[in-house]
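Colleague: Got a structure here, written out as structure tokens. Questions coming.
The values are calculated or read from the model by the stated rules, or taken from the named source; none is laboratory data. Treat the numbers as computed from the prediction; the structure is a model and nothing was measured. FYI the Cβ positions are ideal-geometry reconstructions off the backbone, even for glycines, and counts take in every protein chain you see.
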Amino acid sequence: MRKRIDLEYAASSSRNILFKRLATPDGLAEWFADDVNIEGDLFIFSWEGEIQKARVIELVKNEKIRFQWEEDEGEEYYFEFSLRTDPMTNEMALWIVDYVDEDEEEDATELWDKQVESLFAVLGI
């Protein structure tokens, strides 16, 4: 059984520039995977020769993109990047939703922290 995790990261960047890093093959290849390509409606992610495919199941330009791994098709599992602005402070945050095995929550959170650190380094923030 998988557990949903929600992670939030303060993101002082242009919404447009940040979203391109979350929703395009070139942008994702800068921080998320070694290489990313599109084949039809599938994003092909490669890490050290291992390939995984994901389909975009929801997209709101400059706001949110939701992927579903090919192996999770028919399930309710996905991973999502969304950009949210706090109405009180007007500060933007990157939200990540993922589904992980319950015994891997800590490792998954650490991995996302490192991935986001790489993303922010690419953006210079």
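Colleague: Test Tyr77 against the criterion of being in a strand (DSSP E or B) and closer than 15 Å to Ile5 by Cβ, and give yes or no.
Modeller: no
Colleague: Right, another one. Going through segment 69-84 one residue at a time, which ones are within 24 Å of Phe19 (Cβ to Cβ) and either of a type outside the set (Ser, Thr, Tyr) or free of Cβ contacts under 8 Å to residues at least 24 places away in the same chain (or both)?
Modeller: If the condition is that a residue be within 24 Å of Phe19 (Cβ to Cβ) and either of a type outside the set (Ser, Thr, Tyr) or free of Cβ contacts under 8 Å to residues at least 24 places away in the same chain (or both), then Trp69, Glu70, Asp72, Tyr78, Phe79, Glu80, Phe81, Ser82, Leu83, Arg84 are the ones that fit.
Colleague: If you don't mind, there's one more thing I want to ask. Checking the structure you have, find out if any residue of segment 45-62 is within 23 Å of Ala11 (Cα to Cα), touching a helix residue (DSSP H, G or I) at 6+ places or on another chain (Cβ under 6 Å), touching a residue at least 12 places away in the same chain (Cβ under 8 Å) and surrounded by 13 or more Cβ atoms within 10 Å (Cβ to Cβ).
Modeller: Within segment 45-62 (the criterion being within 23 Å of Ala11 (Cα to Cα), touching a helix residue (DSSP H, G or I) at 6+ places or on another chain (Cβ under 6 Å), touching a residue at least 12 places away in the same chain (Cβ under 8 Å) and surrounded by 13 or more Cβ atoms within 10 Å (Cβ to Cβ)), the answer is yes, since at least one residue qualifies.
Colleague: May I pose another question? Condition first: touching a residue at least 60 places away in the same chain (Cβ under 8 Å) and of a type outside the set (A, V, I, L, M). Now tell me which residues in segment 86-109 satisfy that.
Modeller: Glu91, Trp95, Asp98, Tyr99, Asp101, Glu102, Glu105, Thr109
Colleague: Only one of these conditions is not met by Asp35: (1) loosely packed, with under 14 Cβ neighbours inside 10 Å; (2) at pLDDT below 95; (3) in contact with a strand residue (DSSP E or B) (Cβ under 6 Å, 6 or more places away or on another chain). Which number is it?
Modeller: Evaluating Asp35 over (1) loosely packed, with under 14 Cβ neighbours inside 10 Å; (2) at pLDDT below 95; (3) in contact with a strand residue (DSSP E or B) (Cβ under 6 Å, 6 or more places away or on another chain) leaves (2) as the failure.
Colleague: Restricting segment 111-125 to residues that are within 14 Å of the chain's Cα centre (by Cα), surrounded by fewer than 16 Cβ atoms within 10 Å (Cβ to Cβ) and not polar (S, T, N, Q), which is farthest from Arg4 (Cα to Cα)?
Modeller: Once the filter is applied, the top-ranked residue is Glu117.
Colleague: Just give me the residues in segment 73-85 being out of contact with any Asp or Glu (no Cβ under 9 Å at 6 or more places or on another chain), surrounded by fewer than 17 Cβ atoms within 10 Å (Cβ to Cβ) and within 17 Å of Val100 (Cβ to Cβ), in sequence order.
Modeller: Listed by number, the residues that qualify are Glu75, Glu76.
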